[in-house]
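Visitor: First the structure, which I've put down as structure tokens, then a few questions once you've had a look.
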Amino acid sequence: EIFRAMVTRLRNIEGSARQQEKLEALGTMSAGLAHELNNPSAAAQRIAVHLGEVIQTIQSVAHRLHHALEHKHWDRLIALVDEVLESLSARKHRHSIETSDSEDALAAWLREGGVTDAWKVSPVLVGAGLDKSGLLSLREDLPKNAFGDAVRWIALRITIRTLLDDAEQCTGRIAGLVDAVRSSARQERAEAADIDVHEQIGSALGALE
């Protein structure tokens with residue numbers, strides 16, 4: 001009887017100790033989780049604000065284009081944007097000296113075509129795989145006074161898609177953190193998996209940007 005009582009008491013003590021350790025670990029995890037959740041949630045909030053600004057801008061640009069373009073011009077413009085957006089998700093943008101040179105060259109060419117904010121749109125276009133050769137035929141097809149707004153409209157459409165992709169990454173990051181906490185609470189062991197370190201660093205840099 002004494003032995004049984006000792007065993008029961010030891011089990012109770014061990015259970016209490018494990019519970020205390022779990023509570024302490026939960027407190028530490030909560031502090032870390034709050035920090036980890038704050039990053040993607042703050043990024044998502046900034047994305048929402050930026051997206052609202054871009055939508056307002058593209059509405060005014062589209063309004064001007066509707067007065068300057070015919071239906072055939074719109075068909076040409078939309079076909080080009082659809083082609084760019086279709087291949088956008090497959091592109092892994094890596095900024096380099098060559099990329100900067102391409103952006104400078106495109107900006108100079110756009111300025112010659114009357115695009116006053118060429119420095120702003122050229123990085124977006126180059127990042128999506130558009131260069132002078134891809135826009136040359138467009139400039140020849142469109143009315144001269146509409147080319148600048150057409151380029152802006154393309155860049156804004158690309159920006160909207162990029163922001164939506166970034167928002168999806170942020171919400172995916174939050175969902176992943178919640179799943180990790182659930183697994184930890186259930187004391188499940190995570191399965192080993194290969195990861196792309198470059199992709200993870202690129203995602204972090206995107207959130208910082």
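The values are calculated or read from the model by the stated rules, or taken from the named source; none is laboratory data. Keep in mind the model is a prediction, meaning the values are calculated, not measured. Glycine also receives a Cβ, built like all others from the backbone with ideal geometry; neighbour counts cover every protein chain displayed. In case anyone asks, the SASA skips ligands and DNA or RNA and just uses the protein heavy atoms, side chains included. Shrake-Rupley method; radii C 1.70, N 1.55, O 1.52, S 1.80 Å.
Visitor: Please verify whether region 123-131 includes one or more residues that are touching a residue at least 40 places away in the same chain (Cβ under 8 Å), buried (at least 20 other Cβ atoms within 10 Å of the Cβ) and of a type outside the set (Gly, Ala, Ser).
Guide: Taking every residue of region 123-131 in turn, at least one turns out to be touching a residue at least 40 places away in the same chain (Cβ under 8 Å), buried (at least 20 other Cβ atoms within 10 Å of the Cβ) and of a type outside the set (Gly, Ala, Ser).
Visitor: Let me ask something else. Hey, can you tell me all the residues within region 119-135 that are closer than 14 Å to Ser100 by Cβ and modelled with pLDDT under 90?
Guide: If the condition is that a residue be closer than 14 Å to Ser100 by Cβ and modelled with pLDDT under 90, then Gly127, Asp131 are the ones that fit.
Visitor: Regarding Glu112, is this residue among the acidic types (Asp, Glu), modelled with pLDDT under 90, closer than 22 Å to Arg139 by Cβ and out of contact with any helix residue (DSSP H, G or I) (no Cβ under 6 Å at 6 or more places or on another chain)?
Guide: yes
Residue by residue, here is whether (1) over 30 Å from the mean Cα position of the chain (by Cα); (2) surrounded by fewer than 11 Cβ atoms within 10 Å (Cβ to Cβ); (3) of a type outside the set (D, E, K, R); (4) at pLDDT 85 or above holds:
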position: Glu1; (1), (2), (3), (4): yes, yes, no, yes
position: Arg9; (1), (2), (3), (4): yes, yes, no, yes
position: Gln20; (1), (2), (3), (4): yes, yes, yes, no
position: Ala31; (1), (2), (3), (4): no, yes, yes, no
position: Ala43; (1), (2), (3), (4): no, no, yes, yes
position: His50; (1), (2), (3), (4): no, no, yes, yes
position: Glu98; (1), (2), (3), (4): no, yes, no, no
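Visitor: Take the residues in region 56-73 that are open to solvent by less than 30 Å² (accessible area, probe 1.4 Å) and assigned to a helix (DSSP H, G or I), then tell me which one is modelled with the lowest pLDDT.
Guide: His73
Visitor: Additional query: Yes or no: region 104-116 includes at least one residue that is open to solvent by 20 Å² or more (accessible area, probe 1.4 Å), assigned to a helix (DSSP H, G or I) and among the polar types (S, T, N, Q).
Guide: No, the conditions are met nowhere in region 104-116.
Visitor: Let me ask something additional. Sort out which residues of region 1-46 are charged (D, E, K, R) and in a helix (DSSP H, G or I), and write them in order of number.
Guide: Residues satisfying the conditions are Arg4, Arg9, Arg11, Glu14, Arg18, Glu21, Lys22, Glu24, Glu36, Arg46.
Visitor: Could you give every pair whose Cβ atoms fall below 9 Å, whose first residue belongs to region 74-87 and is touching a residue at least 24 places away in the same chain (Cβ under 8 Å) and farther than 15 Å from Val151 by Cβ, and whose second residue is open to solvent by 70 Å² or more (accessible area, probe 1.4 Å) and in a helix (DSSP H, G or I), counting only separations of at least 6 or pairs across chains?
Guide: Close Cβ pairs satisfying both conditions: Leu85/Arg161.
Visitor: Could I ask something else about it? Which is modelled with pLDDT of 90 or more and open to solvent by 60 Å² or more (accessible area, probe 1.4 Å), of Asp149, Asp82?
Guide: Asp82
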